[in-house]
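Written out below as structure tokens is the structure these notes cover.
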Amino acid sequence: MTKFGLAQPVRRVEDPRLLKGAGSYTDDMSLPGQLIGVVLRSPHAAARIVSIDTDAAKSVPGVHGVYTIADLDADGIGGLPCAALVKNKDGSDCANPGHPVLARGFVRHTGDPVAFIVADSTAIARDAAELIVIDYDTLPASTDLAAGLDAGAALVWPELGSNQVFDWEIGQKDKTEELFAQAAHVTRLTIVNNRIVVASMEARAALAQFEGGRFTLRTNTQGGWLLKNILGDAVFKMDKEAFRIITPDVGGGFGMKLFVYAEHVLCCYAARKLGRPVKWASERAEAFLSDTHGRDNITLGELAMDTNGRFLALRTRNVANMGAYLSTFAPYIPTGAGTGVLASVYGFQAIYANVIGVFTNTVPVDAYRGAGRPESNYLVERLIDAAAREIGVDRVELRRRNMVKPEAMPHKTPVGKLYDSGDFSIVLDAALAKMDWAGFESRRAEAASRGKRRGIGLAYYLEATGGAPTERAEIRFAEDGYVDVYVGTQSTGQGHETAYVQLTVDQLGVDGDRVRIHQGDTDTIPTGGGTGGARSLYSEGQAILATAATVIEKGREAASDVLEAAKADIVFEGGTFSIVGTDRGIDIVALAVGQRARAAKGEDVVTLDAAEIAEIKSHTFPNGCHIAEVEVDPDTGEIAVKRYVVMDDVGRAVNPMIVRGQVHGGVAQGLGQALLERTHYDADSGQLLAGSFMDYALPRADDFPDIEVDFVEVPCLSNPLGVKGAGEAGAVGSPPALINAVVDALAPLGVTHVDMPATSESVWQALAKAAESRDD
């Protein structure tokens with residue numbers, strides 16, 4: 001680390017600590033006198049709670065408290081707010097019936113929390129939970145998104161009179177209609193973006209204590225400041241400064257750990273009631289029923305083209321599942337987040353998108369890696385392949401013909417996004433060359449000789465990063481000679497510590513082994529935007545640059561005093577302040593330590609510690625091309641991914657090795673969704689049938705080939721680092737690339753559409769149906 005700065009594949013500085021077992025995760029933590037909380041959850045998808053009897057549970061030795069919504073209501077505890085409500089297209093408010101911490105009168109999905117039992121141990125709490133007597137009057141459940149708006153559908157919230165949450169729109173409807181009327185050809189396609197269980201390696205957990213009128217909540221988050229604000233302002237209705245959120249190491253978040261959950265509230269509530277720390281830790285089966293899920297859309301896409309195959313307009317109607325309650329950012333994901341990238345890299349003249357949110361008796365749905373952008377990219381790339389087949393134009397040529405040219409930058413899309421940079425055709429060509437696209441037909445023929453159907457598919461994605469409009473960094477020079485950097489983002493495994501050390505070394509010229517990154521404590525770091533929307537490097541990076549600049553400016557002033565020279569004659573290079581034209585200088589760390597010592601003696605001197613808040617004026621647009629090559633066994637429907645190539649433009653790659661790792665993980669998640677992951681609810685009972693890893697298939701290493709990742713760096717012009725973000729990119733481009741490859745393999749057999757997940761069973765059924773049609 002000492003000799004490397006930016007653009008170097010530096011090994012992750014956090015890995016030795018984590019690999020040697022020195023990581024500290026929420027469930028590793030314990031406090032003296034702590035109690036254990038267990039949540040009693042509904043076994044029904046929809047039911048009225050006639051009565052709850054907790055007396056027997058309260059009498060169990062070792063039980064300290066049993067709480068229901070009646071207790072929370074009596075103490076004025078609020079519900080879990082939705083922070084991203086949207087307006088209907090007529091300007092009216094969307095439905096927002098609330099989200100109680102514990103079920104109030106009704107349960108609305110299997111796993112809905114009903115009671116919280118606090119005891120000396122998990123075993124005692126579970127035994128007590130079994131003694132709680134609840135009289136449920138079961139009701140019809142609505143778990144099928146496709147039928148959720150039907151006239152006879154069971155209502156999740158009967159008082160609303162409908163399962164519709166919102167009817168939202170964006171774009172130029174009239175212009176879009178005009179262009180469709182003029183179109184020489186219109187391609188239409190309805191696709192399913194299947195529901196995903198997030199399944200982070202580390203399950204959620206919380207440990208709360210209440211002392212001196214303040215809460216300290218240790219929990220695995222993607223940034224504790226959101227929790228601090230919501231718990232104070234909306235839930236406990238007290239000064240948010242009464243909450244300290246500490247986030248230790250986090251084993252995967254993927255959007256799901258951004259949000260405020262019932263268990264955060266319950267642990268804090270019980271800790272205050274009982275005067276002792278209270279800890280809750282999810283088990284894997286519980287996580288399936290209590291963590292937010294992802295995706296779950298049914299979308300009609302329509303693509304209008306002229307006689308030359310030029311894209312005129314795009315029109316979409318997306319029905320998006322919200323689950324039983326509105327999670328923290330749920331309405332924003334399919335609306336503002338997802339539709340923002342519908343234009344992708346193509347020069348549409350107009351776009352109109354209609355998004356309809358629907359309540360169902362299922363686990364709430366919210367952001368999952370990519371948060372709306374993978375869904376939109378999947379639709380567009382599937383549409384383009386379908387259009388190419390219909391009009392008889394090569395699918396690569398159709399994309400190339402419609403790409404926004406680099407000379408058109410900055411380019412404003414019909415949905416208002418402003419692309420600052422991009423050379424999409426060059427990235428496309430690089431990916432095609434790396435995959436040897438031109439030589440594919442020989443590989444197809446070879447596979448056919450073995451009785452296999454080989455297909456190749458591509459997807460060109462564009463991602464829009466997001467997140468808070470500001471970010472903070474602080475640099476302190478410690479007495480032990482280390483440089484401490486305090487950041488407002490939160491690593492959940494991405495390698496933030498390494499990237500931030502590289503930035504600090506590059507700016508200050510210090511030894512990388514003497515830089516420490518601090519995160520995750522809302523007391524020591526007063527503000528932060530957290531991590532989400534692939535924002536961390538371009539936002540925190542700007543804050544570190546601004547803070548380092550302040551450190552250097554203060555250092556020039558301090559060095560002019562120490563070296564007895566005019567400030568104008570002080571230069572900074574390679575970690576040393578020196579007098580221009582001389583060999584007299586002083587190391588930045590030595591200067592900072594010396595100034596600190598002088599200040600401690602009462603001298604009026606300039607110290608080098610600094611903090612800055614960077615305003616994030618523009619977001620970024622990572623983009624790239626994914627190409628998948630698959631073989632399908634027509635007798636069994638089994639799919640084998642034979643090769644996978646990614647060519648990414650992430651702007652300047654601060655650490656190419658870390659970026660490749662991020663893309664590998666995103667591709668694995670995207671391919672898992674495309675091939676394997678099926679979240680299925682029983683239509684009659686509303687039970688989650690894929691409720692464990694026995695029934696829910698995550699990808700394994702042998703499901704995929706090596707994922708080959710290379711870069712074409714087109715620097716971003718909207719931030720000084722030139723970076724674009726890479727955390728979500730792999731999950732955005734992979735599903736359409738794989739499904740387009742599967743369809744390419746099956747199209748000669750009459751299968752021109754496959755929905756995710758393309759399991760061997762569903763592929764075999766599609767082939768059988770196509771064979772029946774040929775026979776008829």
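Is at least one residue of segment 340-349 closer than 11 Å to Asn297 by Cβ, open to solvent by less than 10 Å² (accessible area, probe 1.4 Å) and modelled with pLDDT of 95 or more? Walk me through it before giving the result.
Taking segment 340-349 and keeping what is closer than 11 Å to Asn297 by Cβ, we get none.
No; the residues of segment 340-349 include none that is closer than 11 Å to Asn297 by Cβ, open to solvent by less than 10 Å² (accessible area, probe 1.4 Å) and modelled with pLDDT of 95 or more.
So for segment 267-282 (the condition being over 25 Å from the mean Cα position of the chain (by Cα), among the aromatic types (Phe, Trp, Tyr) and either farther than 20 Å from Gly532 by Cβ or open to solvent by 20 Å² or more (accessible area, probe 1.4 Å) (or both)), does at least one residue qualify?
yes
Taking Pro100 and the conditions (1) surrounded by 12 or more Cβ atoms within 10 Å (Cβ to Cβ); (2) in contact (Cβ under 8 Å) with a residue 40 or more places away in the chain, which numbered condition does it fall short on, given that it satisfies the others?
Pro100 satisfies every listed condition except (2).
Could you identify the single residue in Val589, Val562, Val571 that is at pLDDT 95 or above and either open to solvent by less than 40 Å² (accessible area, probe 1.4 Å) or under 30 Å from Lys452 (Cα atoms) (or both)? Even if it seems obvious, please write down each step before you answer.
Values: Val562 fails: either open to solvent by less than 40 Å² (accessible area, probe 1.4 Å) or under 30 Å from Lys452 (Cα atoms) (or both); Val571 fails: either open to solvent by less than 40 Å² (accessible area, probe 1.4 Å) or under 30 Å from Lys452 (Cα atoms) (or both).
Exactly one of Val589, Val562, Val571 is at pLDDT 95 or above and either open to solvent by less than 40 Å² (accessible area, probe 1.4 Å) or under 30 Å from Lys452 (Cα atoms) (or both), namely Val589.
Working only within segment 681-690, note down all residues that are in contact (Cβ under 8 Å) with a residue 24 or more places away in the chain, in a loop (DSSP other than H, G, I, E, B) and not acidic (Asp, Glu).
Across segment 681-690, the qualifying residues are Ala683, Ser685, Gly686, Gln687, Ala690.
Can you tell me which condition Tyr136 does not meet? The list is (1) among the aromatic types (Phe, Trp, Tyr); (2) within 33 Å of the chain's Cα centre (by Cα); (3) open to solvent by 20 Å² or more (accessible area, probe 1.4 Å), and all the others hold.
(2)
For segment 597-636, which residues satisfy the criterion of being under 20 Å from Pro705 (Cα atoms) and open to solvent by 30 Å² or more (accessible area, probe 1.4 Å)?
Asp633
Quick test for you: out of Thr498, Thr522, Thr527, pick the one residue that is in contact with a Lys or Arg (Cβ under 6 Å, 6 or more places away or on another chain), farther than 23 Å from Arg652 by Cβ, touching a residue at least 12 places away in the same chain (Cβ under 8 Å) and open to solvent by less than 10 Å² (accessible area, probe 1.4 Å).
Thr522
Results for (1) hydroxyl-bearing (Ser, Thr, Tyr); (2) assigned to a loop (DSSP other than H, G, I, E, B), shown as yes or no for each residue.
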{"residue": "Gly670", "(1), (2)": "no, no"}
{"residue": "Ala674", "(1), (2)": "no, no"}
{"residue": "Thr679", "(1), (2)": "yes, yes"}
{"residue": "Ser692", "(1), (2)": "yes, yes"}
{"residue": "Tyr696", "(1), (2)": "yes, yes"}
{"residue": "Pro699", "(1), (2)": "no, yes"}
{"residue": "Val714", "(1), (2)": "no, yes"}
{"residue": "Gly727", "(1), (2)": "no, yes"}
{"residue": "Val732", "(1), (2)": "no, no"}
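Table: residues versus (1) part of a loop (DSSP other than H, G, I, E, B); (2) closer than 29 Å to Thr143 by Cβ.
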| site | (1), (2) |
| --- | --- |
| Pro43 | yes, yes |
| Val50 | no, yes |
| Ala57 | no, no |
| Val60 | yes, no |
| His64 | no, no |
| Asp73 | no, yes |
| Ala84 | yes, yes |
| Lys89 | yes, yes |
| Ala103 | yes, yes |
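Conditions tested, residue by residue: (1) open to solvent by 40 Å² or more (accessible area, probe 1.4 Å); (2) in contact (Cβ under 8 Å) with a residue 12 or more places away in the chain; (3) not hydrophobic (A, V, I, L, M, F, W, C).
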site: Gly232; (1), (2), (3): no, no, yes
site: Thr247; (1), (2), (3): no, yes, yes
site: Ala262; (1), (2), (3): no, yes, no
site: Asp291; (1), (2), (3): no, yes, yes
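Restricting the search to segment 530-545, which residues are open to solvent by 10 Å² or more (accessible area, probe 1.4 Å) and basic (Lys, Arg)?
none
Hey, could you check segment 341-369 for residues that are under 15 Å from the mean Cα position of the chain (by Cα) and in a loop (DSSP other than H, G, I, E, B) and say which is nearest to Leu85 (Cα to Cα)?
This residue is Asp366.
Considering each residue of segment 17-58, count those that are open to solvent by 60 Å² or more (accessible area, probe 1.4 Å), more than 23 Å from Val101 (Cα to Cα) and out of contact with any Pro (no Cβ under 9 Å at 6 or more places or on another chain), and give that number.
Number satisfying all stated conditions: 4.
Checking the condition touching a Leu at 6+ places or on another chain (Cβ under 9 Å) and either part of a loop (DSSP other than H, G, I, E, B) or not polar (S, T, N, Q) (or both), which residue from Ala445, Ala464, Ala473, Ala430 passes? Please lay out each step first, then the result.
Details: Ala445 fails: touching a Leu at 6+ places or on another chain (Cβ under 9 Å); Ala464 fails: touching a Leu at 6+ places or on another chain (Cβ under 9 Å); Ala430 fails: touching a Leu at 6+ places or on another chain (Cβ under 9 Å).
On inspection, the qualifying residue turns out to be Ala473.
Answer with yes or no whether Tyr486 is farther than 19 Å from Gly253 by Cα, under 19 Å from the mean Cα position of the chain (by Cα) and assigned to a strand (DSSP E or B).
Against the criterion (farther than 19 Å from Gly253 by Cα, under 19 Å from the mean Cα position of the chain (by Cα) and assigned to a strand (DSSP E or B)), Tyr486 does not qualify.
When you scan segment 313-340, how many residues do you find that are under 19 Å from Tyr352 (Cβ atoms) and part of a strand (DSSP E or B)?
8
The rows are residues; the columns are (1) more than 21 Å from Ile384 (Cα to Cα); (2) open to solvent by 20 Å² or more (accessible area, probe 1.4 Å); (3) among the basic types (Lys, Arg); (4) in contact (Cβ under 8 Å) with a residue 24 or more places away in the chain.
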site	(1), (2), (3), (4)
Ala154	yes, yes, no, yes
Leu160	yes, yes, no, yes
Asn163	yes, no, no, yes
Gly171	no, yes, no, yes
Gln182	no, yes, no, yes
Val186	no, yes, no, yes
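The values are calculated or read from the model by the stated rules, or taken from the named source; none is laboratory data. Note that the coordinates shown come from a computational prediction; the quantities given were computed from them, not determined experimentally. Positions of Cβ are generated from backbone atoms using ideal geometry, with glycine treated the same way; all protein chains shown enter the neighbour counts. Surface areas here come from the heavy atoms of the whole protein model, side chains and all, with no ligands, DNA or RNA. Shrake-Rupley method; radii C 1.70, N 1.55, O 1.52, S 1.80 Å.
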